[in-house]
Structure formats: structure tokens, C-alpha cells
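A.B. asks: Questions regarding the structure given below will be posed in turn.
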Amino acid sequence: MQILCNNDTRDMEMKRRDFLKICLAALAGMFTFKWPSLPSHGLKEARFYRSPDTLAG
Amino acid sequence: MNKVECVLCPRHCRIPEGGRGNCRVRTNVKGKLFSLVYGTPCSVHIDPIEKKPFFHILPGSGAFSIATAGCNLHCRYCQNWQISQTNPEDAQTTPLSPDEVVRQALENNCRSIAYTYSEPIVFYEYTYDTCVAARNKGLLNILVSAGYIEQPPLIELCKVAHAIKIDLKGITDEFYQKMSQATLKPVLDSIITIKKSGVWLEICNLIVPTWNDSDQDLLTLIRWVRDNCGKETPLHFSRFWPTYQLNDLPPTPVETLTRAWDMAKAEGMDFVYIGNVPDHKGTNTYCPNDGKLLIARRGYAVTENHMVDGKCKYCATTIPGIWK
């Protein structure tokens, strides 16, 4: 029983660390991520969107 | 911030300048929304129409099939995740204008153009313009879609499409959220709109072990299709094969597919099919009146065809579909 409890505690600790790592990676990604520059072909103005002047906020 | 709101699909992505939508292929350039994949398919093939699957359209004919990168769903079992879940600049593409697609389809004796593999909704402008060009040359436009689209663009699309196959992935919102990061209702609305528009409709349900294979789920789905689309609507049950993020599951047992087939027949559906099981009786078309074999298939090949002018040759019952 004691061993099981220790394993549980260790697993929880690992999960907590993994979660923190994911959070840190996501935060770092938020500040550094950029989409690639526009391609030279394949661009066409889309249909079905609302432009900024009709958007609030 | 100069954001734009894409209203093509129910996600309504609000995209900042330089950003992209959830589908990866629509971007905001100085306050205008642009498609990044117009005329640049990453997949171009000639497939038997049965592969889509369309079983009630020109059996045994070739479908000139195109797709671009991107998708607005993110299914854990996606068979084409290499193109659907990638950025357009990471996919190998070929420049192919709508007119060139039509020209090549005709040159290769195809009777239809299939917008397939990934999701034709996210390359909407390319799909639409190619549909118009194909119609002018007498080709059929057949779309393979998950149906996750807003009503106005769908209504426009129905004016130029001849047939749409919708993947009805499950019949609960929970399934759609967990499997595809989407919601159920817009898909059901799309199916009803397509049916009402007169565009030929076939529905496909991929049965995934432990996810959507319960009697209750199957029965609910079958009854919804029957009550909202009619018993004459072809309903395909496809076999799941482990891939992408669902490698830990076994393939769907054939018994499960047979059970779904039996349930749909018992509920009064006229045309029920089994996909991805080559020798199953559910790959054939039977006359709903006299029960005789009309179209025999093995895999994607048509081995027998006993229809004459869209009718059963034995009892002259009209079989719904597009036969010429």
C-alpha cells in the first residue's frame, strides 16, 4: 500500500511538471510564433467575411 | 488591430492582420481576407467514383479528384492528415487553374470533378470557380465534405454542385467535440439544406470502436437520416482503420458493420452500404422493390450492373441517383 501511494505521488508530480512545461512552451510560442510570409501564388480574395468596419472591438 | 471575421464556417475565426484561420488557409492581408490555396492543389488524382464513396452516380466512371491543404475540422482519425492538417507552404502543390482542372478532366475521360481528400469548404473559392467552369463543359461536380459550413455559402455552393457526400461522423455533440473539435448541429443543418436544394446527397458514417459504435448511437443516427433525408438516401457505414492519433484502436469488427447494416435495413432505409470491406454484401446495390442485385461491386470496381436507364431491369423500379 505504501509503495502504491509513493507511485501515485510520483505520477502526480510528473504530471504537474509536464503540465507546467506545456504551459511554458505555449506561453513562449504565443510571443514568438509568426505565420510564414505570403506565398507568391494561390492568393485570391475570399468570399464570406466581415471587414474591420463592421466588427466591434 | 484590423481584424476580419471569416463567416465561411461556424468557427467564425476573428483573424488579426497577418494571422490565419483555424483552417490554416485563409489569411488577413491589410483588412481583407484571402484564400491561400486558390488554384494550388496538393493532390490531383483520377479515382473511381466509388472511392468517394458515391454509389448512385455514374457507376464505374472516373472522377478527377483535387484537394488543397487545410481543413476546418481536426479529426483524430483523419486518413489524410498529412495534407489536411498542414500549412499550404508545407505541402507540395501544382498550379492548376479551374479551367485547367476541367481541361485535364475531359482529356482523361472523367465524367466528374471530385473536391475531396481534405475539405472543399476551406478552398471554397477554388471549389466554386471550378464548379462553374465544369458545369459549362458538362462535367458533374461532386463534393466530399464534413458539412461544417455556414448556410449562406452552402446555399451558393448548392447552385453549382451536383452531388455532395457528407461525413456524418457521429450523432452527438460530445463526439464531434472530442473527435473533431467541432459541433454537431451545423452539420445536421447542412445535410437538411443539401437535401432541400435538390443536390444529390449521400451520407457516410465511419464507425469507430468504442467511440460511436453503440446500438443507441447507430439507431439515433439511422433514424435521424431516415426522418430528415428520406429512406431513399444512401447511407454508408465505413470501417475505421487505425491511423493518425487513433493508432491504439483496432479496426472496426466486420460484425459491427453488419449490425449497423441490419439495423438500417430494419429501420426502412432502402440503400445501405458497407465501406472498406471488399467482399461484404453491403457493397452491392439491391432493388428496394424486388430485392434483386442491381449493382455488384468488389472494392471500388463495378463487376455487374443490372440497371437500365436508372431503373431496375427486372421490375422497372426507379432507383434514385444520377445515372447518365
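The values are calculated or read from the model by the stated rules, or taken from the named source; none is laboratory data. Nothing here was measured: the structure is a model prediction, and the numbers come from that model. Neighbour counts run over all protein chains shown; Cβ positions are idealised from the backbone, glycine included. Keep in mind that these areas ignore ligands, DNA and RNA; they rest on the heavy atoms of the full protein, side chains included. Shrake-Rupley method; radii C 1.70, N 1.55, O 1.52, S 1.80 Å.
A.B. asks: Compute the relative contact order of chain B as a whole-number percentage, counting only Cα pairs closer than 8 Å that sit 6 or more residues apart in sequence.
C.D. replies: 13 percent.
A.B. asks: Output the 0 to 90 degree angle, nearest 10, between the alpha-carbon long axis of helix B:98-107 and the longest principal axis computed from the alpha carbons of chain B.
C.D. replies: 40
A.B. asks: Follow-up. How high is the relative contact order of the stretch B:195-318, given as a whole-number percent (alpha carbon pairs under 8 Å, six or more residues apart)?
C.D. replies: Relative contact order of the stretch B:195-318: 18 percent.
A.B. asks: What's the magnitude of the charge dipole for the stretch B:1-140 around its Cα centre, counting Lys and Arg as +1 and Asp and Glu as -1 at the beta-carbon? Answer in Debye, nearest 20.
C.D. replies: 400
A.B. asks: While we're looking at this one, here's another question. Under a no-solvent Debye model with one identical scatterer per Cα of chain B, what's log10 I(q)/I(0) at q = 0.08, 0.14 Å⁻¹?
C.D. replies: The Debye formula, applied to the Cα set alone, gives -0.35, -1.12.
A.B. asks: Heavy atoms only, probe 1.4 Å: what % of the accessible area of the protein assembly as shown goes to carbon and sulfur, would you let me know?
C.D. replies: After summing per-atom areas, the C and S share lands at 54 percent.
A.B. asks: Give me the extension gain from B:N136 to B:K196: residue separation times 0.36 nm, minus the current Cα-Cα distance, reported in nm with one decimal.
C.D. replies: Result for the pair: 19.2 nm of gain on full extension.
A.B. asks: What nm value, rounded to one decimal, do you get for the distance between B:A296 and A:H41 when each label is placed 7 Å out toward the C-beta?
C.D. replies: Once both label points are built, they end up 4.7 nm from each other.
A.B. asks: If you don't mind, another one. In the stretch B:201-221, whose amide N lies under 14 Å from the spot 7 Å out along Cα-to-Cβ of B:D248? List them in ranges.
C.D. replies: From the stretch B:201-221, the list is B:210-211.
A.B. asks: Determine by what factor the alpha-carbon radius of gyration of the protein assembly as shown differs from 2.2 N^0.38 Å, reporting the quotient.
C.D. replies: 1.07
A.B. asks: I've got another one for you. Considering the dipole of the protein assembly as shown built from charges on the beta carbon (Lys and Arg +1, Asp and Glu -1) around the Cα centre, which of A:P39, B:C131, B:S112 is farthest to its positive end?
C.D. replies: Highest projection toward the positive end goes to A:P39.
A.B. asks: Rounding to the nearest 10 and keeping the result within 0 to 90°, find how far the Cα-based axis of helix B:215-229 lies from the longest principal axis of chain B.
C.D. replies: 80
A.B. asks: Subtracting the Cα-Cα distance from 0.36 nm times the residue separation, let me have the gained length for B:K32 to B:E232 in nm, one decimal.
C.D. replies: 67.7 nm
A.B. asks: Next question, about the same structure. For helix B:124-136, report the angle its Cα long axis makes with the longest principal axis of the Cα atoms of chain B; keep it between 0 and 90° and round to the nearest 10°.
C.D. replies: Roughly 60 degrees, rounded to the nearest 10.
A.B. asks: Under a 1.4 Å probe, what is the accessible area of the stretch B:1-95 per residue, stated in Å²?
C.D. replies: Normalised by residue count, the accessible surface of the stretch B:1-95 is 36 Å².
A.B. asks: How much net charge surrounds B:V208 when only other residues with a Cβ under 13 Å from its Cβ are counted (Lys, Arg +1; Asp, Glu -1)?
C.D. replies: Computed value for this residue: 0.
A.B. asks: Can I ask one more? Computed on protein heavy atoms with a 1.4 Å probe, what is the summed buried accessible area for the chain pair B and A, in Å² to the nearest 100?
C.D. replies: Chains B and A together bury roughly 2300 Å² of accessible area.
A.B. asks: Give, as a single signed number, the net charge of other residues whose beta carbon lies under 9 Å from the beta carbon of B:C23, with Lys and Arg counted +1 and Asp and Glu -1.
C.D. replies: Result for the local shell: +3.
A.B. asks: Further question: Please give the FRET efficiency for B:H306 paired with A:R17, using the beta carbon to beta carbon distance and R0 = 51 Å, rounded to the nearest 0.05.
C.D. replies: Efficiency, rounded to the nearest 0.05: 0.20.
A.B. asks: Taking K and R as +1 and D and E as -1, what net charge do the other residues with C-beta under 14 Å from the C-beta of B:C229 add up to?
C.D. replies: 0
A.B. asks: Ignoring everything except DSSP H segments at least 4 long, calculate the 222 nm mean residue ellipticity for the protein assembly as shown; use -39,500 (n - 2.57) per segment, divide by total residues, nearest 500.
C.D. replies: -9000 deg cm²/dmol
A.B. asks: Picking from B:P251, B:T210, B:V199, whose Cα lies most toward the positive end of the charge dipole for the stretch B:196-313 (charges on Cβ: Lys, Arg +1; Asp, Glu -1)?
C.D. replies: Of the candidates, B:V199 comes out farthest on the positive side.
A.B. asks: For the stretch B:193-315, report the accessible area per residue in Å² (1.4 Å probe, heavy atoms, rounded to an integer).
C.D. replies: Value returned for the stretch B:193-315: 45 Å² of accessible area per residue.
A.B. asks: Might you work out the accessible area of B:S214 for me, using a 1.4 Å probe with all protein chains in place, and round it to the nearest 10 Å²?
C.D. replies: Its accessible surface works out to 50 Å², give or take rounding.
A.B. asks: Which of B:K169/B:K231; A:K44/B:K51; A:K34/B:K3; B:K159/B:K265; B:K195/B:K292 have a Cα-Cα distance over 23 Å?
C.D. replies: Violating the 23 Å limit, Cα to Cα: A:K44/B:K51; B:K159/B:K265; B:K195/B:K292.
A.B. asks: Let me ask you something else. What is the calculated FRET efficiency for B:Q79 to B:I46, with r their C-beta to C-beta distance and R₀ = 22 Å, to the nearest 0.05?
C.D. replies: Rounded to the nearest 0.05, the efficiency is 0.75.
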